[in-house]
Amino acid sequence: MNNNNPTKITKTKMSLFSVVMLALSSIIGSGWLFGSWEAAKISGPAAIISWIIGAIVIGIIAYIYIELGTMFPESGGMSKYAGYTHGPLLGFIASWANWVSLVTLLPIEAVAAVQYMSSWPWSWANWTHGFVSNGTVTTSGLLVVFLFILIFTLLNYWSVNILTKFTSLTSIFKLVVPSVTIIMLLLSGFHPENFTMAAAGGFFPYGSAPIFAATTVSGIIFSYNAFQTVINIGDEIQNPKKNIWRGIVIALIISIAIYVLLQFTFIGAIEPQMLAKVGWNGINFKSPFADLAIMLNINWLVILLYLDAFVSPFGTGVSFVASTSRTLAAMTQSHHMPKFLGKINQKWGTPRIAMIANWIISCLLVSVFKNWAILASVISTSTLIAYATGPVTLAALRKHAPQFKRPVRINAYKIMAPLAFVLASLAIYWAMWPTTMEVIIVIALGLPFYFFYEGKLNWSNTKQKFAGSWWMIAYLCFMAGFSYIGSTPFGGQNWIHYPFDFLVIILMALVFYYWGVHSYQNTAEMTDAQSVNDRVKEH
């Protein structure tokens with residue numbers, strides 16, 4: 001295991017400032033460019049509540065992973081935790097789901113940049129206008145997307161030092177532009193009556209259910225998701241005991257403040273006459289905040305926004321190449337993926353082959369899914385499925401590995417772990433049918449790799465491996481099936497009406513959570529876990 005660990009060959013580790021900047025560069029990407037508009041279309045002014053709910057969901061999940069991340073500060077860590085406690089099959093499912101979300105994030109950021117480029121209003125930029133048509137990337141746009149993903153990759157190709165300098169620079173810019181946008185739009189054209197306008201349906205124009213749907217469907221979960229960037233480079237951080245949790249907490253607090261204020265500003269900046277005429281779901285922008293700045297004749301802000309619409313997705317894409325490559329490389333250590341994908345370049349300390357593979361797969365994905373919203377739905381749901389294993393793993397480790405070093409021991413885990421699992425389950429449901437089924441099918445597409453390599457291992461301990469995973473297989477089947485029969489606001493057949501569908505999800509999630517905790521297996525992977533944990537310094 002240790003022969004693939006870049007700790008030995010990476011000389012310069014990341015400071016707390018660099019960790020925070022990396023996390024912010026990952027979090028503040030295309031979500032801020034599209035999220036406020038998408039959420040307002042779905043739930044009107046109540047979208048502000050959606051951002052708060054999304055922050056609570058991701059914050060509680062992140063709280064769980066802080067303990068795991070400090071226990072096992074290793075490259076690609078989030079792809080390994082489930083395998084430690086429940087065996088390679090569950091570990092493979094969790095890491096594949098996580099990898100699907102990460103490898104999809106690379107093209108979504110490139111698509112966001114290209115979509116904004118396609119709406120540049122200047123005459124010299126007419127050549128960009130054919131990149132997107134009716135929200136879908138065209139052939140010429142795809143070529144630019146491929147190029148952007150390649151640039152994301154190359155900036156990570158030569159060590160963590162280049163990544164640190166690049167993300168620190170872009171993160172500062174990405175913090176300044178949303179802040180300036182908030183201030184200028186509030187000062188130039190804020191309409192408080194938009195929050196309660198009767199002609200547009202008031203504060204809850206479409207009821208309460210869309211508040212929850214917007215949390216996943218409009219990219220809110222996707223926007224907050226990037227705390228795992230810090231977890232996945234755990235052994236490349238100075239003083240991981242303190243800086244992992246500090247970096248995550250600081251970055252989440254800053255991003256929550258920015259996103260909520262952006263939503264508040266967007267709602268108040270819409271012209272009341274337009275709102276009264278078309279309603280919230282009729283608002284149609286190509287580049288939401290830039291369009292608002294154009295309407296208010298703030299020309300310098302328009303230029304700044306179009307520039308940031310390039311820089312923000314670009315910075316996030318660069319940041320996630322690191323996580324995506326480390327996730328794929330880490331998957332090889334369970335011996336269920338080709339070994340060459342896990343090879344670490346001895347000179348630069350980066351998994352170069354995994355990076356190249358991810359670039360190719362990202363290009364294939366965007367060739368099929370050419371729309372930002374579709375990609376966002378896939379990312380949110382697959383991420384949440386991967387995250388759902390974390391609370392189960394933490395509880396199992398508390399019960400069966402109490403001797404492990406825990407630099408950060410979270411409080412009230414018997415409450416917080418099941419709560420995190422329940423919230424993740426609800427957010428998966430909020431993604432709406434048929435997204436849940438589609439993502440679960442994509443996750444199932446990884447199983448042939450697992451079974452091929454399991455066959456090469458002569459099906460060793462297969463019964464035990466399935467014993468640790470049946471709960472997850474049943475859970476995914478339940479989530480897909482219940483999404484179909486659930487209430488109308490979430491795309492279902494309305495066999496169970498809102499909000500009683502939430503009660504069913506909560507109760508069944510608790511059943512699957514405790515089933516998962518009690519499915520712990522004394523795996524060979526726990527030896528690897530012990531060796532990683534032995535390197536941890538508690539004081």
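Considering only residues that are assigned to a helix (DSSP H, G or I) and without any contact (Cβ under 8 Å) to a residue 12 or more places away in the chain, which ones fall in segment 392-440?
Of everything in segment 392-440, just one residue is assigned to a helix (DSSP H, G or I) and without any contact (Cβ under 8 Å) to a residue 12 or more places away in the chain, namely ILE415.
Here is a list of conditions, (1) open to solvent by 50 Å² or more (accessible area, probe 1.4 Å); (2) under 18 Å from ALA386 (Cβ atoms), and MET508 meets all of them except one; can you say which number that is?
(2)
Does any residue in segment 241-255 that is within 18 Å of VAL536 (Cα to Cα) come within less than 6 Å, Cβ to Cβ, of a residue that is open to solvent by less than 20 Å² (accessible area, probe 1.4 Å) and not in a helix (DSSP H, G or I) six or more places away or on a different chain, and which pairs are these?
Qualifying pairs under 6 Å: ASN243/ILE237.
Conditions (1) in a helix (DSSP H, G or I); (2) open to solvent by less than 10 Å² (accessible area, probe 1.4 Å); (3) touching a helix residue (DSSP H, G or I) at 6+ places or on another chain (Cβ under 9 Å); (4) under 23 Å from VAL176 (Cα atoms), marked per residue:
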| site | (1), (2), (3), (4) |
| --- | --- |
| GLY31 | yes, yes, yes, yes |
| GLU38 | yes, no, yes, yes |
| SER43 | yes, yes, yes, no |
| SER50 | yes, yes, yes, no |
| ALA62 | yes, yes, yes, no |
| THR70 | yes, yes, yes, no |
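Checking LYS80 against (1) modelled with pLDDT under 85; (2) under 21 Å from TYR224 (Cβ atoms); (3) not small (Gly, Ala, Ser), which test does it fail?
Of everything listed in (1) modelled with pLDDT under 85; (2) under 21 Å from TYR224 (Cβ atoms); (3) not small (Gly, Ala, Ser), LYS80 misses just condition (2).
Of everything in segment 454-489 that's among the β-branched types (Val, Ile, Thr) and over 15 Å from ALA524 (Cβ atoms), which residue is most open to solvent (accessible area, probe 1.4 Å)?
Among them, the one singled out is THR488.
In this structure, is ILE443 under 25 Å from the mean Cα position of the chain (by Cα) and closer than 29 Å to ALA524 by Cα?
For ILE443, the condition - under 25 Å from the mean Cα position of the chain (by Cα) and closer than 29 Å to ALA524 by Cα - is met.
For ILE443, all conditions in the list (1) assigned to a helix (DSSP H, G or I); (2) hydrophobic (A, V, I, L, M, F, W, C); (3) out of contact with any helix residue (DSSP H, G or I) (no Cβ under 6 Å at 6 or more places or on another chain) hold save one; what is the number of the exception?
Of the numbered conditions (1) assigned to a helix (DSSP H, G or I); (2) hydrophobic (A, V, I, L, M, F, W, C); (3) out of contact with any helix residue (DSSP H, G or I) (no Cβ under 6 Å at 6 or more places or on another chain), the odd one out for ILE443 is (3).
Determine which member of the set PHE204, PHE152, PHE173 is over 19 Å from PHE289 (Cβ atoms), surrounded by 14 or more Cβ atoms within 10 Å (Cβ to Cβ), modelled with pLDDT under 90 and of a type in the set (Phe, Trp, Tyr). Reasoning before the result, please.
On the way: PHE204 fails: modelled with pLDDT under 90; PHE173 fails: over 19 Å from PHE289 (Cβ atoms).
After ruling out the rest, the residue left standing is PHE152.
Which of the residues spanning segment 278-307 are more than 16 Å from ILE183 (Cβ to Cβ), open to solvent by less than 40 Å² (accessible area, probe 1.4 Å) and assigned to a loop (DSSP other than H, G, I, E, B)?
Matches in segment 278-307: GLY279, ILE283, PHE285, SER287.
The values are calculated or read from the model by the stated rules, or taken from the named source; none is laboratory data. Predicted model only: the values in this text are computed from it and were never measured. Glycine gets a Cβ as well: all are built from the backbone with ideal geometry, and neighbour counts include every protein chain shown. Side chains are part of the model used for accessible areas, which takes the heavy atoms of the whole protein and leaves out ligands, DNA and RNA. Shrake-Rupley method; radii C 1.70, N 1.55, O 1.52, S 1.80 Å.
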